[in-house]
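Below is one structure, written out as structure tokens; comments come after it.
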Amino acid sequence: MAKVVVDGIEVEVPNGATVLQACEAAGKEIPRFCYHERLSIAGNCRMCLVEVEKAPKPVASCAYPVADGMVVKTDSPMVRNARRGVMEFLLINHPLDCPICDQGGECDLQDQAVAYGMDRSRYHEPKRVVKDKYMGPLVKTIMTRCIQCTRCVRFASEVAGVPELGATSRGESMEIGTYVEKALTSELSGNLIDICPVGALTSRPYAFVSRPWELRKTDSIDVQDATGTNIRIDNRGPEVLRILPRVNDDVNEEWMADRGRFSFDGLKRKRLDRPWLRVDGKLKPVSWAEAFRAVATKLKATAPDRIGAVAGDLVDVESVFALKSLMTALGSANLDCRQDGAAIDGSRRDFYLFNSGIAGIDRADALLIIGSNPRVEAPVINARIRRRQVAGRFPVGVVGPVGLNLTYAYDHLGEGTATLRTILDGTHRFAEVLKNAKNPMVILGRGALARPDGAAVLAAAWAIAKAADALRPDWHGFNLLHHFGGQVGALDLGFLPGAGGKDLGAMLNGGADVLWLLGADGFDPAAIAPGTFVIYQGHHGDRAASRADVILPGAAYTEKDATYVNTEGRAQRAWLAVHAPGDAREDWRIIRAAGEGLGVRLPFDDLAQLRAKMIEAVPILGQPFAPRGCEDTTGPAGDVAGLSAAPFALPIAQYHLADAIARASDVMAECARTYGEVPALQAAE
């Protein structure tokens, strides 16, 4: 450790730390543009200049290492004059766009020009003009504002793993761009907007919409993938105008995937805002009382073993608990939350969790990915895998389709279960890699379980982790990667077939006369047997709503106080940002009211009582998250001998259209057309 004196304050910092880090440890704010804590050091903006005793000139604190006994001054006359000169230099060509710039009010350049700059300029020459670059439907560019900090270039190559940005020319002619004009091919491109310290890169969907001081800000959780990204919802009145990530080093750091960030316009399109009832083959709007009466009449006339319920992928834990309570009161054990048909063993929590924890990726030293594409299924987790791989000594093997672009180097081991057999019996070269690793990881894609031999695949993946000594009290290397934010919570609540109960396949094939779909849009409604009475409760008029006999309009994740559990089993709270449109209500309230119509009084009257009952039933939902090791290495129920020869197929073919909210979004539709995720005929329309 080195002892450094900063403005008379002595601090102790690790050897190799920078002067900027020492200054921050002393509580001193150092201005910067190019420096970012999660990117490599560039040292090219010079705004972080400080005075170091005995140094002949100011030094760039972001790139200057500390030395024991160093004396640093952060606010001396030399430093003030140096920073004013740097700011004056940066503003030579920067346009006076503040009144019309979307970065206004959140601009680092604006703030630091006031705090550290001069009140006049000595330059009177014409400012240079740079042509705007096309980077796709999400990121808007005004490159005349660019100060060449290169944050975007470093993020694209280092974090996103898509080195498509760079600088051309030198000096005053330098420009940042994509070399060949094209849309950025990263699922993390929205983060470029966050890290840009000026208004050069802004949000295209948010352009000229509002000012930050007009917005009401609410903490929430992104449910459009299973990472559990911490987000902030910005709304003005009843409309969500922007979604941004919050910092959580254990989950998403400060990054966010594009689908969750930009699909917010889907929250106001194709919404269900009133109850509907099918009369004479046609849906017509009705009152809540009429809808509940129709539900009660049908359910009372149906035997309990002919009533089924399916929970969707974006549903909060409270609503799933309420529906399970109602079904239990009615005497039905026909429950399922696996819309994709994944053969998930719910008997133990570590059979379906990302047990190493997202932050645990940093501890791993070998990785086997089975039937998954983390870049599409969980872009933020994929970025963390990339960071660990770039750090070195982290071999990655993939069993799945050929040609996956995972943004980091990997060894393609095979396409199907034959590879799993050879790894398990120790004859495959990667089996030795896993055995030699101290903390090996196995990531099993949920899509790999959605096939006839899914139970056998689950058992094989667990057996591989066990054979590699990845199941220990101090390390749990078996991980199941889910796709959406409501999937794990439903599994925690045991929303699975009970004793004598039917699963989704059996219910769809005529095993249920009444089917209650709670936000369940993840399967083809044409698979529902004719004659089945369908109650659809959800927030969008998506796939299943077209098949419904009764539609009960619910609230989206931005419109309720709710709990969601991410893929690692971390329970997190989201808060109501805007109210649901029209007559739509929170899902648990709808279920409770429906129970009243059936003569079933559920044991809660408000959200606090519901949560108390929920935590009483599943205590883990009320406990702080802590990664756990593996105390019991007994595997799931599947038999490895049942593996078929079929190759693995990836479940998400259209990243930008993977859920009901995204499918209602015009922005996501434009992304799908841009990146070729929709057929040519549909794109033309």
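The values are calculated or read from the model by the stated rules, or taken from the named source; none is laboratory data. All of these numbers come straight from a predicted model, not from anything done at the bench. Methodologically, a virtual Cβ is constructed for each residue, glycine included, from the backbone with ideal geometry; neighbour enumeration extends over all protein chains shown. Ligands, DNA and RNA are excluded from the accessible area calculation, which covers all protein heavy atoms including side chains. Shrake-Rupley method; radii C 1.70, N 1.55, O 1.52, S 1.80 Å.
Things worth noting here:
- Residue within region 127-137 that is loosely packed, with under 14 Cβ neighbours inside 10 Å, of a type outside the set (F, W, Y) and in contact with a His (Cβ under 8 Å, 6 or more places away or on another chain) present: yes
- Of all residues in region 14-56 being over 31 Å from the mean Cα position of the chain (by Cα) and among the polar types (S, T, N, Q), the one that is most open to solvent (accessible area, probe 1.4 Å): N15
- Considering the conditions (1) in contact (Cβ under 8 Å) with a residue 60 or more places away in the chain; (2) within 37 Å of the chain's Cα centre (by Cα), T74 is excluded by exactly one of them, (2).
- Members of region 277-297 that are open to solvent by 70 Å² or more (accessible area, probe 1.4 Å) and closer than 22 Å to G308 by Cα: R278, E290, R293, T297
- Count of region 421-445 residues which are surrounded by fewer than 19 Cβ atoms within 10 Å (Cβ to Cβ), without any contact (Cβ under 8 Å) to a residue 60 or more places away in the chain and assigned to a helix (DSSP H, G or I): 4
- Residue within region 228-248 that is farther than 14 Å from Y557 by Cβ, in contact with a Pro (Cβ under 9 Å, 6 or more places away or on another chain) and surrounded by 24 or more Cβ atoms within 10 Å (Cβ to Cβ) present: no
- Flag for D305 being closer than 30 Å to P497 by Cβ, surrounded by fewer than 24 Cβ atoms within 10 Å (Cβ to Cβ) and not hydrophobic (A, V, I, L, M, F, W, C): yes
- Among residues of region 80-103 that are more than 15 Å from C196 (Cβ to Cβ), those with a Cβ under 6 angstrom from a residue that is at pLDDT below 95 and loosely packed, with under 14 Cβ neighbours inside 10 Å, sequence gap 6+ or separate chain, pair up as I92/Y123; N93/K127; N93/R128.
- Filter result for A555 (within 19 Å of V286 (Cα to Cα) and either in contact with a Lys or Arg (Cβ under 7 Å, 6 or more places away or on another chain) or outside any helix (DSSP H, G or I) (or both)): yes
- Among the candidates A577, A584, A555, the residue that is free of Cβ contacts under 8 Å to residues at least 40 places away in the same chain and either open to solvent by 10 Å² or more (accessible area, probe 1.4 Å) or of a type in the set (A, V, I, L, M, F, W, C) (or both) is uniquely A555.
- Screening G308 with (1) over 24 Å from L138 (Cα atoms); (2) of a type outside the set (F, W, Y); (3) out of contact with any helix residue (DSSP H, G or I) (no Cβ under 7 Å at 6 or more places or on another chain); (4) not in a loop (DSSP other than H, G, I, E, B) gives one miss only, at (3).
- Test: residue in region 111-131 that is out of contact with any helix residue (DSSP H, G or I) (no Cβ under 7 Å at 6 or more places or on another chain), of a type in the set (F, W, Y) and either touching a residue at least 60 places away in the same chain (Cβ under 8 Å) or part of a loop (DSSP other than H, G, I, E, B) (or both): yes
- Boolean, A418 is under 29 Å from D340 (Cα atoms), open to solvent by 10 Å² or more (accessible area, probe 1.4 Å) and touching a Pro at 6+ places or on another chain (Cβ under 7 Å): no
- Only one of the listed residues (V251, V240, V315) is part of a loop (DSSP other than H, G, I, E, B), hydrophobic (A, V, I, L, M, F, W, C) and touching a Ser or Thr at 6+ places or on another chain (Cβ under 9 Å). That residue is V251.
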